[in-house]
Structure formats: structure tokens, C-alpha cells
1. Hey, which of the helices (runs of 4 or more DSSP H) in segment 1-63, taking only ones fully inside, have at least 2 residues that are on the phi < 0 side of the Ramachandran plot and within 16 Å of the ligand (Cβ to nearest atom)?
2. Among the numbered conditions (1) open to solvent by 60 Å² or more (accessible area, probe 1.4 Å); (2) over 28 Å from L13 (Cβ atoms); (3) within 16 Å of the ligand (Cβ to nearest atom), tell me where F108 comes up short.
3. Only helices (runs of 4 or more DSSP H) wholly contained in segment 78-149 count here; list those with 1 or more residues that are in the same structural domain as L64 (by TED's automatic domain parsing) and either more than 22 Å from I35 (Cα to Cα) or free of Cβ contacts under 8 Å to residues at least 24 places away in the same chain (or both).
4. Within segment 275-315, track down each residue that is away from the ligand (no atom under 16 Å from the Cβ) and of a type in the set (S, T, Y).
5. Pick from segment 217-247 the residues that are in a helix (DSSP H, G or I), within 16 Å of G303 (Cβ to Cβ) and within 12 Å of the ligand (Cβ to nearest atom): which of them is least open to solvent (accessible area, probe 1.4 Å)?
6. I'm checking my understanding of the structure. Among residues of segment 160-176 that are exposed (fewer than 13 other Cβ atoms within 10 Å of the Cβ) and touching a residue at least 24 places away in the same chain (Cβ under 8 Å), which one is nearest to the chain's Cα centre (by Cα)?
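The values are calculated or read from the model by the stated rules, or taken from the named source; none is laboratory data. Computed from a prediction, not measured in an experiment: that's the story for all the values here. No Cβ is skipped: glycine too gets one built from the backbone with ideal geometry, and neighbour counts run over all protein chains shown. Side chains are part of the model used for accessible areas, which takes the heavy atoms of the whole protein and leaves out ligands, DNA and RNA. Shrake-Rupley method; radii C 1.70, N 1.55, O 1.52, S 1.80 Å.
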Amino acid sequence: MCVPSKVLTNADLEKMVDTTDEWIRTRTGIQERRIAEPGTTTSDLATEAGREALGQAGLKPQDLDLLIVATTTPDMLFPSASCLVQQRLGAANAVCFDLSAACSGSVFAMVTAQQYLATGRYRNALVIGAEVLSGFIDWTDRSTCILFGDGAGACVMAPVERGGILATDMRTDGSAAELLYMAGGGSKHPPSHESVDQRLHFLRMNGAEVFKMAVRRMAESVKRVMADAGLTPEQVNCFIPHQANHRIIESVAKFADVPMEKVFENLQRYGNTSAASNLMALYEAVKAGRINTGDRVVMVAFGAGMTWGSIALEW
Ligand code: UT7
């Protein structure tokens, strides 16, 4: 994984908007987040995370035949961030594309890569979730600016003899699209003086409605993926939820009968990094020794779209 070095604490936010460290910690669990310096792009963070994942897998960039970057904040509308990462890594043999599933990006991209690997079409896939959301946050809106951070997580995926991905679940509901969106910059509201004046280039969210839907949908998805994999919560060693809000994670765990001791969280230090979130958490859970060879892991995500989904895997 790769995160910018600059830390933005709750105390820093107290000086920017009408909020308190106590409110942010008790309502979200977040204590600090990383913010990219001006000029640092999503493909910068993605390239570093991808390079580290390749090193750990013992692969050369030329060995890759698939490279997916999940992001909502590509360097530019086109070309895709994945093409920029390809060039930076020297992954000349990979086919590259971006995947847009907001905070479900890591999970959706892993499931997508798995399909290509399962058909035998590709052998070595690099999946990266990366965001520089800080440029799209309204730093005067206390209901959103306290939540998000920048970062990237990556993993290499390849066919395995045993274990690997046991079951997956991917869902979307476009009828709830208005709960979380960024209106400006696309074909509906191309950039203009008017779009900037109307502050359309910032993320907008109905937090309370997203909260309720996130809890319900992630709990359903976790239960479904465990059933499909033939696993009970007792047989799962580690749960890697999307790192949006500690209270959401607690409620999902409660409704899915998952004990909190098995749930990995790092949102305290990074906030919600959207498409990077699950892969950054997976990385830190492995580094912390919370996931070892043969362990059963369940990842679950929820994001704009709305999108949600899960993966059950044997590490
Ligand atoms: O990754 C997927 C996308 N995002 C999420 O999963 C986030 C989902 N939503 C949430 O995490 C929560 O809804 C929030 C953390 C955004 C908000 O927490 P909440 O408990 O749902 O609060 P609320 O929106 O119902 O607001 C409660 C009060 C309001 O004041 P009034 O109207 O009761 O007087 C807000 O104005 O808290 C106020 N408030 C704040 N107060 C201090 C909202 N933001 C802040 C703040 N500091 N930063």
C-alpha cells in the first residue's frame, strides 16, 4: 500500500470547520487521515502500491497480463489511471482498464480479475484500489470533509492449486444513486465557471441514508458469501470491511453474527479511502499477523452507485 506522508488530524479539522475531535471519534472512529500534496496523483500512489505488491509476489512488471485500477478519482477523465500506471511500472504486456465502483472498487476489481483468471484468459493480474479524494472534498462541509482520506492498496492475483477465492457477491442499486455523488466534471455538468460557482465539483452525500443502507446491504452480503462458501462466522479468521465508519462496521458485525475481535479496522488512521480501503486494510491485516496462510478471510464493501459486495477467500 502507499499513503501520502501528510497527516490531517481531527484537531486540524477543528480549525477548519465547526466540529470537534470528540464528535468525529465518537460518530466515526476516525482520528486522522492522509492527504496528498498538490500535484500528487492517484496514479502516483497506485504505482507505488503496485510496485510493492509485484515485489512481494516475486513478479516482474512484464509478467502481468492484466492491470485493473479501481478509482473514482483518476488523474484525468482519460486516459485511464491504469494506463498511466502501466507506463510507470513498465507492464508492457498487461491489458489495463479502470473500474468505477466507488468505495466497492477494491472488491469489484478483485472479483473482475478473478473471472479473467478463472477462464484462463490471463495468468497474472495486478489489482489496485487508489484515490486522491482530497481534491474533490468540500473542505467547508463538516458532514463530509471529516470522513475521507487519500491512499492506495494493491494485490497480485494468480491461479492457485487450493484455497484462493471461495465465493463472491456483487450487487448494485442505481435507484439510490442520488445518495452519494459528484455532479460536476462529467457530461451532465462539464466544467464551467457556473459549475465551479455552484460547487458541483465536490462530493455530496446523504450520510444518514447511506449509513442505513450500508449496514443492511453489507450484512446481507457477508451472510450470502459465507453461505456460498460453506463457512460459518466461527470458521472465518478475519473480516476486512470497508473502512468508512466504526459504527457501520459494528452494526454489520452484529447483524452478520461476526464477533468484533475478528474484524480488522484501520480507519482510525486513514479515514475512508474509498476504492483503496479494503485493499489497504487487507495489506495491514497481513502485515500485523492477523491473516496467515490457510486462514479464511471475508472482505465486504459498500459505496456510491449504490454498489456493494463481498469476497470469501482462503489466504
Ligand atoms: O463509503 C461509503 C460512503 N460513506 C459512508 O459510509 C458514510 C455513511 N454515513 C456516516 O458515516 C454518518 O452518517 C456520518 C458520520 C456522515 C454522520 O453521522 P450521523 O450520526 O449520521 O450524523 P447526522 O448526519 O445524523 O448528523 C447529526 C448531527 C447534525 O446536527 P443536528 O442537525 O442534529 O443539529 C449534524 O449537523 O451532527 C451534525 N454534524 C456534525 N457535528 C459536528 C454533522 N457533521 C458534523 C461534524 N461535527 N463533523
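1. Counting at least 2 such residues, we get 10-14, 21-28.
2. (1)
3. Passing ranges, in order: 81-89, 105-118.
4. Y283, T293
5. Kept after step one, since they are in a helix (DSSP H, G or I), are these residues of segment 217-247: 217-229, 233-235, 246-247.
Subset that is within 16 Å of G303 (Cβ to Cβ): 217-222.
Filter once more, so that each one left must be within 12 Å of the ligand (Cβ to nearest atom): 217-218.
Details: R217: 49, M218: 8 Å².
That would be M218.
6. So the residue we want is G174.
The rows are residues; the columns are (1) within 15 Å of the chain's Cα centre (by Cα); (2) modelled with pLDDT under 95; (3) more than 22 Å from A167 (Cα to Cα).
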position: E261; (1), (2), (3): no, no, yes
position: L267; (1), (2), (3): yes, no, yes
position: Y270; (1), (2), (3): yes, no, yes
position: A275; (1), (2), (3): yes, no, no
position: K287; (1), (2), (3): no, no, yes
position: V297; (1), (2), (3): no, no, no
position: G305; (1), (2), (3): yes, no, yes
position: A312; (1), (2), (3): no, no, no
